[in-house]
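Step one of this worksheet: look at the structure below.
Just so you know, all these numbers are worked out from the coordinates, no wet-lab data involved. All values reported here derive from a predicted model rather than from experimental measurement. Quick reminder, even Gly has a Cβ in these numbers, built from the backbone with ideal geometry, and neighbours come from all protein chains shown.
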Amino acid sequence: GPEDRAYIVIKLIIASIRIKYINFSMIIWIASYPKSGNTWVRTLINQIIQSDSLEKDNVFKNLKSIPNYPLKSHYKNILDNINLDKLTGKDLKNITLKNWLSTQRIINSSGKVNFLKTHTMLCKINIEKKDFFFTDKLNTYGVIYIVRDPRNVISSFKNFLSHDDIEETFEVLTNANQWIDSDNIRMPQFISSWGNNYNSWKNFPNFLLIKYEDLIINPERELNKIINYLNKFIKISLENIKINKIIKNSSFNNLKRLENEGKFYESSTNPKTGQKNTFFNLGPKNNWQELLDKNISDKIERVYFKEMKELGYL
């Protein structure tokens, strides 16, 4: 309609203006395949931009300022006459993907830079003879993408999904049509396979790659990469003492302690027992060479040889 065309024209004019800092509203995605360190990076960024989150007990405070996407709350603004809680399966997925861009436009009406976490593949899905895009350059400025060796992802994902058999998790890891189901808060997310998810984002403009393994080996270097990236669109100046504090606050042991104290709210639930799965489960101790069956690691290496070679995992 005319309003949509006007919106696109305005955004194109804004996007054509080259300035040092973004002074208009667009999205920076913190994207990854599940169990790759996304929440870890969110806690780092949260402390960089939220000064009252710099105490070790406050790491998860204001984490909702970098919310998951898509949430049901994003959709209720535009679907007043639809009860999302009563929709399931294909109907809920179609509603989700048809309204990706319209919900992002509403988010971008805030007048500020919006940081959003997602596991969704940067995709185009055709239904009813129409293409629906996850996002576009009118709504998105860039992406911080976190990647992790899939041989370690699979063990963490197995725990998160409450699978008994790791072969079941392998099928999820390599399924090009994989979705994550919705819950009381979140809409479904189209994650596709580990390789598709990574490949879909890596050529997006203003792309920053953060490797989970590099965060473990040299967190100061990786944090400075993130700060330099953020300085493209918001002014940040942190002294070394604060950088060291952020690194210490975001250590696996501290995050696990806070989860044990009930201060983390994004754990999955085991459908068989009703108990919360441990979100910060093994962290750096998740070593595929010690934990993973060779048959599974060999299969992962065959399927994702190209990507793993490119990322230095092989």
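Worth a mention:
- Each residue of region 299-313 was assigned a 3J(HN,Hα) from its phi angle through the Karplus expression (A = 6.51, B = -1.76, C = 1.60, θ = phi - 60°), giving 5, 5, 5, 5, 5, 10, 4, 4, 5, 5, 5, 4, 8, x, 7 Hz with x at Gly and Pro.
- Calculated FRET efficiency for the pair Asn228/Ser251, C-beta based, R₀ 25 Å, to 0.05: 0.65
- Amide H contacts of Phe115: Ile28, each under 5 Å away and 5 or more positions distant or on a separate chain (H built 1.01 Å from N in the peptide plane; Pro and chain starts excluded).
- Length gained on full extension, Ser102 to Ile82, computed as 0.36 nm times the residue gap minus the Cα-Cα distance: 5.6 nm.
- What you get for region 167-230, charging only the Cβ of Lys and Arg (+1) and of Asp and Glu (-1), is a dipole of about 420 debye around the Cα centre.
- FRET efficiency for Ser73 and Phe305, using Cβ-Cβ distance with R0 set to 41 Å, rounded to 0.05: 0.50
- Rounded to 0.05, the FRET efficiency of the Lys61 and Lys202 pair, given R0 = 41 Å and the Cβ-Cβ distance, is 0.80.
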